[in-house]
Amino acid sequence: MSQPSFPPHSDPPRPVHSSQPGRPLPVRSTRAADGWKPWVTYGLIATNLAMFAFEVAETGSLSGPSSQQMIALGGNFGPLTRDGEAWRLVTAMFEHYGAIHLGMNMVCLYQIGVVERMLGRAEFLALYLAAGLVGGLTSVATHPHAVCAGASGAVFGMFGAFTAVMFVRRSQIDPGAWQRTMQSLGTFFAINLMFGLTQRSTDLSAHFGGLAVGFVGAFVLAKTASPSARPLLRALVVAIAGLGTAFGGLYVLPR
């Protein structure tokens, strides 16, 4: 694939990825005794793995593509994303800078797949994509000349969603279990914050953007849940809100 050229006086774009989250949160397995499976979570993991296989086939490296290669593969690069290539917000959330980056993100996604059962498959998928898109937007706004990629914005969105549901359903959960779970969440977020502040390649802006979308979206979904709720309609509303925020936000950023 062709490589973009850069003006001689400009600095080369540096890679920034939604870095692998730190120590995964020890949440319960999503494999329920009744045979329920998190098929959407499995599908998202499979999609990320397939995209990584394509990256390896194109670059011949398991350690991750260079900045220029990532741009050619569809990475989130501000000058292009904001100038008519908004689709990069979508492709970038399924790309990774190497096997370790991919592996840690997928482990965390698998563990937080319990949110799929909490919210429902359609709402979970819509909120995952919305968190990833807005995470990409905040990344562009914060690092306009970096090449960003990774699923962590979306994954952190699901941790935010899990936190929101825990707050909404607190009265339905054993107090001791609720407290232990919230302590685990606090530790998880603290470790990732410290890691992000010490690693230049970690894109904390994408983490915070995705986290905020996941928390707000899940809070509203959990608050408005009812037996008569229409899952597909609710998912559509979430998806439209996420798309509108992400793609609309690109047009208000300075060129």
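The values are calculated or read from the model by the stated rules, or taken from the named source; none is laboratory data. In this text the structure is predicted, and so the values were computed from the model without any measurement. Quick reminder, even Gly has a Cβ in these numbers, built from the backbone with ideal geometry, and neighbours come from all protein chains shown.
Here are the numbers for this structure:
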| read-out | value |
| --- | --- |
| Residue pairs meeting the criteria (Cβ under 8 Å; at least 6 apart or on separate chains; first farther than 17 Å from Asn105 by Cβ and of a type in the set (D, E, K, R), in region 45-73; second loosely packed, with under 13 Cβ neighbours inside 10 Å and modelled with pLDDT under 90) | Glu58/Met1 |
| Top-ranked residue of region 125-162 - restricted to ones that are surrounded by fewer than 24 Cβ atoms within 10 Å (Cβ to Cβ) and among the small types (Gly, Ala, Ser), ranked as farthest from Ala46 (Cα to Cα) | Ala141 |
| Count of region 217-248 residues which are under 19 Å from the mean Cα position of the chain (by Cα) and of a type in the set (S, T, N, Q) | 1 |
| Identity of the residue in region 134-186, of a type in the set (Val, Ile, Thr) and in contact with a Leu (Cβ under 8 Å, 6 or more places away or on another chain), that ends up farthest from Val213 (Cα to Cα) | Val140 |
| Some residue of region 120-142 being out of contact with any helix residue (DSSP H, G or I) (no Cβ under 7 Å at 6 or more places or on another chain) and within 18 Å of Ala225 (Cβ to Cβ) | no |
| Checking Ser171 against (1) free of Cβ contacts under 8 Å to residues at least 24 places away in the same chain; (2) touching a helix residue (DSSP H, G or I) at 6+ places or on another chain (Cβ under 7 Å), the condition it does not meet | (2) |
| Residue that is nearest to Met166 (Cα to Cα), among those in region 79-101 that are buried (at least 24 other Cβ atoms within 10 Å of the Cβ) and within 13 Å of the chain's Cα centre (by Cα) | Met93 |
| Failed condition for Tyr251, given (1) hydroxyl-bearing (Ser, Thr, Tyr); (2) under 16 Å from the mean Cα position of the chain (by Cα); (3) surrounded by fewer than 22 Cβ atoms within 10 Å (Cβ to Cβ) | (2) |
| Number of the exception - Val216 against (1) free of Cβ contacts under 8 Å to residues at least 60 places away in the same chain; (2) of a type in the set (A, V, I, L, M, F, W, C); (3) closer than 17 Å to Arg121 by Cα; (4) crowded, with 17+ Cβ neighbours inside 10 Å | (3) |
| Output for region 224-248, where each listed residue is of a type in the set (Lys, Arg) and either exposed (fewer than 12 other Cβ atoms within 10 Å of the Cβ) or at pLDDT below 95 (or both) | Arg230 |
